[in-house]
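Below is the structure I would like to discuss, written out as structure tokens.
The values are calculated or read from the model by the stated rules, or taken from the named source; none is laboratory data. Please read all numbers here as calculations on a predicted model, not as lab measurements. Heads up, the Cβs are rebuilt from the backbone with ideal geometry, glycines too, and the neighbour counts pull from every protein chain shown. With ligands, DNA and RNA removed, areas are computed over all heavy atoms of the protein, side chains included. Shrake-Rupley method; radii C 1.70, N 1.55, O 1.52, S 1.80 Å.
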Amino acid sequence: MTARHAIEIVLTRPATDDELRRARRVVALASDTSRTRLLALQRAKTPGRALRALRHRLDAVLPIDVLTTHYPDLQGQVLLNVALSPTVRTAVRRAAAARDQRPRDFLSQAVTDAVARHGEERAWHLTSRLEELLVEHTPEELLLCAASTLLSHPYRQPRGKCASGPS
């Protein structure tokens, strides 16, 4: 039995009206307002086959950067499908061989490490920025500013309403 897999399509640039029209003739798509992220359902036995089939169907129609499974698998992982140039593919094969790994395992580890590094760098940057603000302002001033920003946010709950309980 073939299942339907939700696939997210990340484009290198916003899709034009003509590109979206041609792509929708091939597969049903949902688009975000920026037209750089699309969502499609693809029938296939496995998520990996769904990614490959969708890339095969849409590669000539859209400027695809990355395809990903929209939902994590049972191990909590999301599959990526990235079209690599021959030069990059050769470099990955060589680097994987030097580490006695399969290219897919090498890439998986490289992406995992990069995401972890990015998270650590972001946390460090936020911490250092907060320390800079605390040098310039008192904690009370920062709290007042944060509260003011939250209260003026257009998506906040109306006065008298509580998000966790009835009014």
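Restrict the check to segment 13-20 and report whether at least one residue is surrounded by 13 or more Cβ atoms within 10 Å (Cβ to Cβ), out of contact with any strand residue (DSSP E or B) (no Cβ under 8 Å at 6 or more places or on another chain) and not acidic (Asp, Glu).
From segment 13-20, those surrounded by 13 or more Cβ atoms within 10 Å (Cβ to Cβ) are 14-15, 19-20; that's our starting set.
Restricting the remaining residues to those that are out of contact with any strand residue (DSSP E or B) (no Cβ under 8 Å at 6 or more places or on another chain) gives 14, 19.
Remaining after also requiring not acidic (Asp, Glu): 14.
Checked against the condition, which is being surrounded by 13 or more Cβ atoms within 10 Å (Cβ to Cβ), out of contact with any strand residue (DSSP E or B) (no Cβ under 8 Å at 6 or more places or on another chain) and not acidic (Asp, Glu), segment 13-20 yields at least one hit.
Look through LEU84, LEU62, LEU38, LEU20 and report the one residue that is aliphatic (A, V, I, L, M), assigned to a loop (DSSP other than H, G, I, E, B) and at pLDDT 90 or above.
LEU62
Which numbered condition in (1) more than 16 Å from the chain's Cα centre (by Cα); (2) surrounded by 12 or more Cβ atoms within 10 Å (Cβ to Cβ); (3) of a type outside the set (D, E, K, R) is the only one that ASN81 fails?
Of everything listed in (1) more than 16 Å from the chain's Cα centre (by Cα); (2) surrounded by 12 or more Cβ atoms within 10 Å (Cβ to Cβ); (3) of a type outside the set (D, E, K, R), ASN81 misses just condition (1).
Which condition does PHE106 not pass, out of (1) modelled with pLDDT under 90; (2) part of a helix (DSSP H, G or I); (3) under 26 Å from GLU8 (Cα atoms), if it passes all the others?
It fails just one condition, (1).
Separate question: Can you find a residue that is out of contact with any His (no Cβ under 9 Å at 6 or more places or on another chain) and under 30 Å from ALA3 (Cα atoms) anywhere in segment 114-124?
Yes, the conditions are met somewhere in segment 114-124.
Within segment 67-78, track down each residue that is of a type outside the set (S, T, N, Q) and either open to solvent by less than 30 Å² (accessible area, probe 1.4 Å) or part of a helix (DSSP H, G or I) (or both).
Selection gives LEU67 alone.
From the list ARG24, ARG43, ARG57, exactly one residue is over 20 Å from GLN109 (Cα atoms), open to solvent by less than 100 Å² (accessible area, probe 1.4 Å) and among the basic types (Lys, Arg). Which is it?
Details: ARG24 fails: open to solvent by less than 100 Å² (accessible area, probe 1.4 Å); ARG43 fails: open to solvent by less than 100 Å² (accessible area, probe 1.4 Å).
Exactly one of ARG24, ARG43, ARG57 is over 20 Å from GLN109 (Cα atoms), open to solvent by less than 100 Å² (accessible area, probe 1.4 Å) and among the basic types (Lys, Arg), namely ARG57.
A quick yes/no check of all residues on (1) outside any helix (DSSP H, G or I); (2) at pLDDT 85 or above; (3) under 26 Å from GLU8 (Cα atoms):
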| site | (1), (2), (3) |
| --- | --- |
| ARG94 | no, yes, no |
| VAL135 | no, no, no |
| GLU141 | no, no, no |
| LEU144 | no, no, no |
| SER148 | no, no, no |
| ARG156 | yes, no, no |
| PRO166 | yes, no, no |
